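Values in this text are rule-based calculations from the coordinates and carry no lab data. Values in this document were obtained by computation on a predicted structure and should not be read as measured data. Methodologically, a virtual Cβ is constructed for each residue, glycine included, from the backbone with ideal geometry; neighbour enumeration extends over all protein chains shown.
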Amino acid sequence: MACRTREGADKAQETKKKGRKLPGLTVVIKGAGEMATGVAQRLYMANIRHIVMTEISHPITVRRAVAFSEVVYKGRMTVEGVEAEHVSSIEEVYGTWQRGKIAVIVDPEWQAVEILRPDVVVDVIMAKRNLGTRKDEAPLVIGVGPGFTAPSDVHFVVESNRGHYLGRVIPEGSAEAHTGIPGPTLGYTTERVLRSPHEGIVRHVKKLGDSVIKGETVLYVGETPIYAPIDGMLRGLIREIEVPSNEKIGDIDPRNEKDYVDTITEKARAIGGGVLEAILRVYNVESI
């Protein structure tokens, strides 16, 4: 992409914003994990349907039943009534849209942004830092979670930390710092999460959605058994792939509700609502 001055980029963005209508918006979402999927599903249900999600070649996803990153392995999947398909090139994206589906492409360098020149770019990689997202990538650029500052590197930040401000749209400033502690569920926080003690290949003993009892073997990393630290249900379980040390590999929900396996969490919904609000702030002005 040719380099533009900030003034020139801002003028081009304002021109594009004024001429674009909501149903025809093109959105590139960086990431296709659990939170990014919550964003994509919410935008799709709001009739913003020209969506492309970018992923790495071997996604590491724990809540696989609600993450469109899984299409990299499976080809296609549906989350709460919204279907996504894997595409191997940008040319295939348009056919996917015509079929009413979200496109997911392996694109770690975000070439889709350069080629499609979308109306909106949303970074939902959840890396806790900015991996290179820039304000001039689109007329509207949104960063989810810590690592972004509005309006310097993105136009808006959406709060991702559980609590009072979850889903809040921030036009100036940054999201709250990453705490490293999962949100409490029935009083459990870090106990809910299974992590790899070292690098190795995952081998399942239990499957996604199974109920487990404290002390049961859930899976192996290499030859090391990983035991359930609490009673509950396996809401998340990583694929049988190679993982690094200290990687999140499982999620036990003590509420033991089977429906929670394949439904979007309140956190992902709130973040999706924040992203939708940010888009409407910019592209729905004429309707107010």
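Projected over all directions and averaged, the alpha-carbon convex hull of the range 191-288 occupies 8.0 nm².
Which pairs, out of Lys206/Lys267; Lys128/Lys206; Lys30/Lys267, put more than 28 Å between their alpha-carbon atoms? If you can, show how the numbers build up before the last one.
On the way: Lys206/Lys267 26 Å; Lys128/Lys206 30 Å; Lys30/Lys267 18 Å.
Beyond 28 Å: Lys128/Lys206.
With each label modelled as a point 7 angstrom along the Cα→C-beta vector, the Thr263-Thr224 pair spans 3.5 nm. Exposure proxy shown here: for His204, His164, His86, the number of other Cβ atoms within 10 Å sets the order, fewest to most, as His164, His204, His86.
Evaluated with a Cβ-only charge set (Lys, Arg +1; Asp, Glu -1), the chain carries a dipole of roughly 520 debye about its Cα centre, given to the nearest 20.
Think of the chain as a dipole: +1 on every Lys or Arg Cβ, -1 on every Asp or Glu Cβ, centred on the Cα centre; then among Gly163, Gly95, Tyr283, Tyr283 lies furthest on the positive end. Computed over every Cα-Cα pair of the chain and binned at 10 Å starting from 0, the pair-distance distribution P(r) comes out as 7, 28, 34, 21, 8, 2, 0 percent.
Hey, how many Å between the Cα centroid of the range 147-175 and the Cα centroid of the range 202-240? Going from one Cα centre to the other spans 34 Å. In the range 96-147, the C-alpha radius of gyration followed by the widest Cα-Cα span (Dmax) gives 12.0, 35 angstrom.
Taking the C-alpha atoms only, the angle from helix 266-283 to the longest principal axis of the chain is near 0 degrees.
How many percent of DSSP beta bridges within the chain run antiparallel, rounded to 5?
Details: 26 of 50 bridges.
Antiparallel: roughly 50 percent of the beta bridges in the chain.
Taking 7 Å steps out from each Cα toward its Cβ at Asn47 and Arg129 produces label points 4.2 nm apart. Once the C-beta distance of Ile201 and Glu92 is scaled by a Förster radius of 35 Å, the resulting FRET efficiency is 0.65 to the nearest 0.05. Dividing the Cα radius of gyration of the range 23-148 by 2.2 N^0.38 Å, with N the residue count, gives 0.93. Taking the C-alpha atoms only, the angle from helix 34-45 to the longest principal axis of the chain is near 50 degrees. Between helix 6-18 and the chain there is an angle of about 90 degrees, using the helix long axis and the longest principal axis of the Cα atoms.
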